[in-house]
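Everything below concerns the one structure shown next.
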Protein chains: 2
Amino acid sequence: MTRFEVLILGNSSATPMYGRHPTAQIVNFNEQLFLIDCGEGTQMQLFRYGIRSNKISHVFISHLHGDHYLGLVGLLSSQHLMGRRADLHLYGPPPLKEILDLQFKHSDTQLRYRLIFHPTRTDGVDVLFETPALKISSFPLRHRIACTGFRFDEGKRAVTLNGDEAERLAIPMSYRKLLKRGIDYVDADGQVHRAIDLTFPAPPSRSYAYCSDTVMTDEYFGAIKGVDLLYHESTFLHDMVDRAKETFHTTSLEAAQVARTVQAKKLLLGHYSARYKDLQPLLDESRTVFTETFLSEEGKWFLV
Amino acid sequence: MTRFEVLILGNSSATPMYGRHPTAQIVNFNEQLFLIDCGEGTQMQLFRYGIRSNKISHVFISHLHGDHYLGLVGLLSSQHLMGRRADLHLYGPPPLKEILDLQFKHSDTQLRYRLIFHPTRTDGVDVLFETPALKISSFPLRHRIACTGFRFDEGKRAVTLNGDEAERLAIPMSYRKLLKRGIDYVDADGQVHRAIDLTFPAPPSRSYAYCSDTVMTDEYFGAIKGVDLLYHESTFLHDMVDRAKETFHTTSLEAAQVARTVQAKKLLLGHYSARYKDLQPLLDESRTVFTETFLSEEGKWFLV
């Protein structure tokens, strides 16, 4: 089965504390690495968790609050110094380009690899990346400044062969691939072996959605409908819902309500406020509404 | 005795590896905190080593290579979020202001404290800060882009009282302060007790100089002459002296030659290249020329 997992590199909101780091995640899809957000210290976190930064091909920045992008110039510069040659695609709010250019100008840096910048939009869902195996889209969130979430949708998955049955009927190897493509096999005696009888149906395609930072609003529910794994920020406990709304953030109870409403299969909390040293209450609160909730923990991989 | 110490927060050159962090140091002078350079992750390092960031009153940035300043926006933003009200003085190359302003603009941040920017100069020694107790100057280094070092000079130190002798002669408390100011004491019998006989001379004033990043050249030797503690970058071992010159850096052997030439009392190496996992060879090489060499280690305080 194609690998499809998320590694948490940072789970802290604005002010990093208690050894927690600002937001960053790696999505590994079939050994292709995608970086979502890049808070300060991301390059050190990648090193700590054994991720080879030069294998990252695409970077997605949700918005221009420092805790979501301040590690980017350092990461890009280190890639340059370490001899990267492969293209790097960067998706983020339009002013990000200006911010990078200004810093590279004053550090007199000419990157030795191609950095291809794709500005994100906040006027609707936008497909950023698409192959038969994977589609990545952005969608608007509602935060104090322009912000998007990202959704990863696996393409149509392959049917699998009923190997035991193929073996029993002594179907030649070269025909087994054809069976998986739906082509029936006719043996030397003229007997037809139907592809549908010799294969298992394709398992459903998997999907991951990333929502940080945002106040809870049904405007983005459509874009994250039915995902297998939903990462949703949960900066506060619900006793601080007023503060959450005021700062355009979400409570852990609200994150659970979102997960239930959009019929996500699993919910991952994160972007914890520095006021919570102990995160268990955030998890407990969310589980009162949505039992399949988990805390994002730095260094931990989550299956989509 | 007035506290005068340097805490190493980061000792790595451009690419942070092996748990080492990019350059940042705290100078504690009499419980006033000065930050020199602010590489990515500095705010987390401050937290790790128990330094209260809101006690930092002045920040000095040597130059605009990312490994010396990319932690600044994060630190300034966190100070803002944590309710800082005290002024913060920032010294650095002129374009630093533009870089900060652009990022604060796009994150829609209006700092709640006063950030007072002082552009540094590279045309000579410049006094940045001066009180009777402490003077801080910048001086030009020679790097690929505009870069300055910083020198901290303690003011004239106080003479100390010979307490035992004062006690023996039963000199009243209120006169002891006067003795330290050089005023003789005349007792009830008219006998003169000379201040000079009842005090120890003031110990020599201490000084610290910070040199990173630079190629070795005698142009800055005058500015760091006779310091008690010299921090000098030593990116490479001397077998890479050509590479050092090409990249405007220094070898550990050269750092030792500088220390010996300017008659520094102690030398602190740092800004180690990512190619050296083991730092002992850098120390050994330097000590062949200058025995009072030490490795800067993260989390370690060095007395000036």
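The values are calculated or read from the model by the stated rules, or taken from the named source; none is laboratory data. None of these values were measured; they are calculated from a predicted model. So basically every Cβ, Gly included, is an ideal-geometry build from the backbone, and we count neighbours across all protein chains shown. Accessible surface areas use protein heavy atoms only, side chains included; no ligands, DNA or RNA. Shrake-Rupley method; radii C 1.70, N 1.55, O 1.52, S 1.80 Å.
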Matching residues in the stretch B:293-304 - criterion: being of a type in the set (Gly, Ala, Ser) and either in a helix (DSSP H, G or I) or more than 18 Å from B:Ser212 (Cβ to Cβ) (or both):
B:Gly299
What's the number of the only condition in (1) outside the structural domain of A:Phe60 (by TED's automatic domain parsing); (2) buried (at least 18 other Cβ atoms within 10 Å of the Cβ) that A:Thr251 fails to meet?
(1)
Qualifying residues in the stretch B:70-101 (those that are small (Gly, Ala, Ser) and closer than 20 Å to B:Thr23 by Cα) - the one most open to solvent (accessible area, probe 1.4 Å)
B:Ser77
Can A:Ser234 be described as farther than 30 Å from A:Lys277 by Cβ and either free of Cβ contacts under 8 Å to residues at least 12 places away in the same chain or open to solvent by less than 40 Å² (accessible area, probe 1.4 Å) (or both)?
no
Evaluate the following for B:Ala264: is it part of a loop (DSSP other than H, G, I, E, B), open to solvent by less than 80 Å² (accessible area, probe 1.4 Å), in the same structural domain as B:His63 (by TED's automatic domain parsing) and among the small types (Gly, Ala, Ser)?
yes
Scan of the stretch B:253-292 for residues that are in contact (Cβ under 8 Å) with a residue 40 or more places away in the chain and within 21 Å of B:Tyr208 (Cβ to Cβ), ordered by number
B:Gln257, B:Val258, B:Thr261, B:Val262, B:Ala264, B:Leu268, B:Gly270, B:His271, B:Tyr272, B:Leu282, B:Ser286
Inside the stretch B:184-218, can you point out the residues that are surrounded by fewer than 14 Cβ atoms within 10 Å (Cβ to Cβ) and of a type in the set (Lys, Arg)?
B:Arg194
Please enumerate the residues belonging to the stretch B:144-155 that are open to solvent by 20 Å² or more (accessible area, probe 1.4 Å) and part of a loop (DSSP other than H, G, I, E, B).
B:Arg144, B:Ile145, B:Ala146
From (1) closer than 22 Å to B:Pro16 by Cα; (2) under 17 Å from the mean Cα position of the chain (by Cα), pick out the condition that doesn't hold for A:Asp126.
(1)
Could you figure out which of (1) touching a residue at least 40 places away in the same chain (Cβ under 8 Å); (2) closer than 20 Å to B:Ala133 by Cβ isn't true of B:Gln45?
(2)
Look through the stretch B:103-118, keep the residues that are in contact with a helix residue (DSSP H, G or I) (Cβ under 6 Å, 6 or more places away or on another chain) and open to solvent by 20 Å² or more (accessible area, probe 1.4 Å), and return whichever of them is nearest to A:Cys147 (Cα to Cα).
B:His106
Provide a single number: the residues in the stretch B:267-278 that are more than 20 Å from B:Val227 (Cβ to Cβ) and open to solvent by less than 30 Å² (accessible area, probe 1.4 Å).
4
Quick check on A:Phe221: is it touching a helix residue (DSSP H, G or I) at 6+ places or on another chain (Cβ under 9 Å), modelled with pLDDT of 95 or more, open to solvent by less than 60 Å² (accessible area, probe 1.4 Å) and within 23 Å of A:Asp123 (Cβ to Cβ)?
yes
Within the stretch A:53-68, residues open to solvent by less than 10 Å² (accessible area, probe 1.4 Å) and not β-branched (Val, Ile, Thr) come out as A:Phe60, A:Ser62, A:His63, A:Leu64, A:His68
Yes or no: B:Phe47 open to solvent by 10 Å² or more (accessible area, probe 1.4 Å) and assigned by TED's automatic domain parsing to the domain that holds B:Ser273?
yes
If we ask which residues in the stretch B:230-275 are out of contact with any Lys or Arg (no Cβ under 6 Å at 6 or more places or on another chain) and more than 19 Å from B:His68 (Cβ to Cβ), their number turns out to be 25
Exception for B:Lys135 within (1) open to solvent by 40 Å² or more (accessible area, probe 1.4 Å); (2) assigned to a helix (DSSP H, G or I); (3) away from chain A (no Cβ under 14 Å); (4) not small (Gly, Ala, Ser) falls at (2)
Matching residues in the stretch A:269-288 - criterion: being hydroxyl-bearing (Ser, Thr, Tyr) and in contact with a strand residue (DSSP E or B) (Cβ under 9 Å, 6 or more places away or on another chain):
A:Tyr272, A:Ser273, A:Tyr276, A:Ser286
